[in-house]
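Undergrad: The following block contains the structure, expressed as structure tokens.
The values are calculated or read from the model by the stated rules, or taken from the named source; none is laboratory data. What you see is a predicted model, and the numbers here were worked out from it, not measured in a lab. Cβ sites come from the backbone with ideal geometry, for glycine too, and all protein chains shown count toward neighbours. Just so you know, the surface numbers come from the protein's heavy atoms only, side chains and all, with ligands and any DNA or RNA stripped out. Shrake-Rupley method; radii C 1.70, N 1.55, O 1.52, S 1.80 Å.
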Amino acid sequence: MDTVLVLDFGAQYGHLIARRIRECRVYCEIISHDTAVEEIAARQPKALIFTGGPASVYESGAPHCDPAVFSLGIPIFGICYGMQLMAYLLGGEVSPAERKEFGRTEINAATDAPLFEGLPRDLVGWMSHGDHVLRVPDGFRVTATTRTTPVAAMADVDRKLYGVQFHPEVVHTPWGADVLRNFLVNVAGCDTSWTMGSFVAQSVEEIRREVGHARVVCGLSGGVDSSVVAALVHRAISDQLTCIFVDHGLMRKNEGDRVAATFRENFGANLVYVNARERFLKRLAGVEEPERKRLIIGEEFIRVFEEEAKRLGQVDFLAQGTVYPDVIESGVGNSAVIKSHHNVGGLPERMHFRLLEPLRALFKDEVRHVGLELGLPEDIVWRHPFPGPGLAIRVIGEVTEERLEILRNADAIVVEEIRRAGLYRDIWQVFAVLLPIRSVGVMGDQRTYEYPVAVRAVTSDDAMTANWAHLPYDVLERISNRIINEVRGVNRVVYDITSKPPATIEWE
Ligand code: XMP
């Protein structure tokens, strides 16, 4: 399998570049800009891509790579800062632009340049830069310009070094994927055979090799990632895998049963189902503060999991559904803690398992395709993301069984109506939130004084940012009517019209 390495110079959209490369069916990984050149060479990449970044190449402390990478003979494609760095390190000139360019820009491209093959001369693409390349290094030719940018693209065809000032990875550069493909396929000669089928075959081999005859435990949460990892590991080592499903009582309606049934019946997997509902509720009694709820649930989860794993005897590996965005995000050391996400990620330090993370190179949509490849049912594969602490962070204020039951019933109606309207797959997440206040209503000539339910539906690509979904009024109306009529304890339904940022997707 051909590999492309993406050197990250602090790009805001680095993961988008990786996605676009994968969409060309070429496997790639993001690595730090200061990775040693020997290490890069040892990976034998077919090509290197330099990302954009916020710095200026000529400032002290700006991220650079070892200039020796240009002597490796590997095709390199620099994007924005990546191009500026290439120009700077090879003897060109980079300076602050008199007029900065942000947003949609008209670009004039040389159609005989390899990157622009098959594209028209006049293009509209997305720019975002304060510096620009003023003079290209020896051996380079200017292959695109804009009204204010003398070098919007440059190329040294002999050395296979290419750069663009615009961002081919964003949707606002609609022909950007063609430029990337031209580089990957025509220039670098990458094989476009990276598919989920080949991924499954390769992972199964690797898991078998790594695990040998040892035993593996996997925490099933009901979500897509852990379900896919369990199915994949099961395909590789069948009986050597035991799944542990901790039912903390904070699942959506019928969810626990559905997941347990899928793994028992469809896969014949060893499954330990732990009913820990009372334990969790007891520890959550009287707790209102969101971070405390999260910490309690994370801790209790570890405890229950530990107890069950001990019962299994000698187990060497823990299989986890870590996916690529988790890996990228955990690389960012200094971002503020908005919420303490909890999943089985907290387990290994305490438990001395070796980790098996076969999905750590995949994006969410790739994980879903692996799930389909492995025969998981569509309703599990396409299920919306669900937070580790479950409904506890959607019952605002104290979590009680009574309030959980109200929320479960309201949430089931919301999801059912969204599915019925054919909108489920277009929406990133849709759910109900139970608020801790009460308001006055009137039903059947009687005064009511009950809880409101907030409906939250968002569109998003990766949960980092999100927009509230512009749901049709008739769908909202049906959701509202049904909740009020069918769920005891609720007399008002509101729709959350806040994007992220400033809000987050979950309320707590
Ligand atoms: P926020 O609310 O931070 O959520 O905008 C972003 C995405 O993460 C999910 N989420 C979690 N997932 N453990 C998880 O595995 C957690 O503790 C957790 N908290 C939030 C949320 O549902 C959304 O998809």
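Undergrad: Under unit Cβ charges (Lys, Arg +1; Asp, Glu -1), what dipole magnitude, rounded to 20 debye, does region 394-495 have relative to its Cα centre?
TA: It comes to approximately 140 debye.
Undergrad: On to the next question. T3 to E29: extension gain in nm, 0.36 nm per residue of separation minus the Cα-Cα distance?
TA: Between T3 and E29, full extension yields an extra 8.6 nm.
Undergrad: Roughly how many Å² of R264 are accessible to a 1.4 Å probe, to the nearest 10?
TA: Counting only protein heavy atoms, the figure is 120 Å².
Undergrad: Rounded to two decimals, what is the ratio between the C-alpha radius of gyration of the chain and 2.2 N^0.38 Å?
TA: 1.10
Undergrad: For a quick check of your reading of the filter: which GluC sites (Glu not before Pro) in region 35-74 sit in a DSSP loop and have no more than 11 other Cβ atoms within 10 Å?
TA: Those satisfying the criteria are E59.
Undergrad: Quick one: length gained pulling T504 to K310 fully straight, 0.36 nm per residue minus the C-alpha distance?
TA: So the extension gain works out to 66.1 nm.
Undergrad: Cα-Cα over 26 Å: which of K293/K500; K282/K310; K100/K160?
TA: Over 26 Å apart, Cα to Cα: K100/K160.
Undergrad: Need the C-alpha centroid separation for region 433-489 versus region 360-413, integer Å.
TA: The two parts, judged by their Cα centres, are 18 Å apart.
Undergrad: Place a +1 charge on the Cβ of each Lys and Arg in region 196-381 and a -1 charge on the Cβ of each Asp and Glu, then give the dipole magnitude about the Cα centre in debye, rounded to the nearest 20.
TA: 440
Undergrad: Is any residue of region 152-186 close enough, with backbone N under 20 Å, to a label point placed 7 angstrom from the Cα of T111 along the Cα-Cβ axis, and if so, which?
TA: Answer for region 152-186: 152-155, 174-183, 186.
Undergrad: Apply 1/(1 + (r/R0)^6) to the Cβ-Cβ distance of V327 and Q446, taking R0 = 60 Å, and write down the FRET efficiency to the nearest 0.05.
TA: 0.60
Undergrad: Given a Förster distance of 30 Å, report the FRET efficiency between R264 and E405 from their Cβ-Cβ distance, rounded to the nearest 0.05.
TA: FRET efficiency, R264 to E405: 0.70.
Undergrad: Which is farthest toward the positive dipole end of the chain among T146, V187, F267, measuring Cα position about the Cα centre, with Cβ charges +1 (Lys, Arg) and -1 (Asp, Glu)?
TA: With unit charges placed on the Cβ atoms, the residue in question is F267.
Undergrad: Next question, about the same structure. If you average the C-alpha positions of region 257-326 and of region 89-117 separately, how far apart do those two centres end up, in angstrom?
TA: Taking the Cα centre of region 89-117 as reference, the centre of region 257-326 is 52 Å away.
Undergrad: Rounded to the nearest whole Å², what accessible area per residue is found for the chain with the 1.4 Å probe?
TA: For the chain, the solvent-accessible area averages 45 Å² per residue.
Undergrad: Also: With the contact rule set at Cα under 8 Å and sequence spacing of 6 or more, what percent relative contact order holds for the chain?
TA: Relative CO of the chain lands at 10 percent.
Undergrad: Dipole of region 363-508 (Lys/Arg Cβ +1, Asp/Glu Cβ -1, origin at the Cα centre): which of L407, V440, L471 lies farthest to the positive side?
TA: Farthest towards the positive end: V440.
Undergrad: While we're looking at this one, here's another question. Once you charge only the Cβ atoms, +1 for Lys and Arg and -1 for Asp and Glu, what is the size of the charge dipole of the chain about its Cα centre, to the nearest 20 debye?
TA: With Lys and Arg at +1 and Asp and Glu at -1, about 860 debye.
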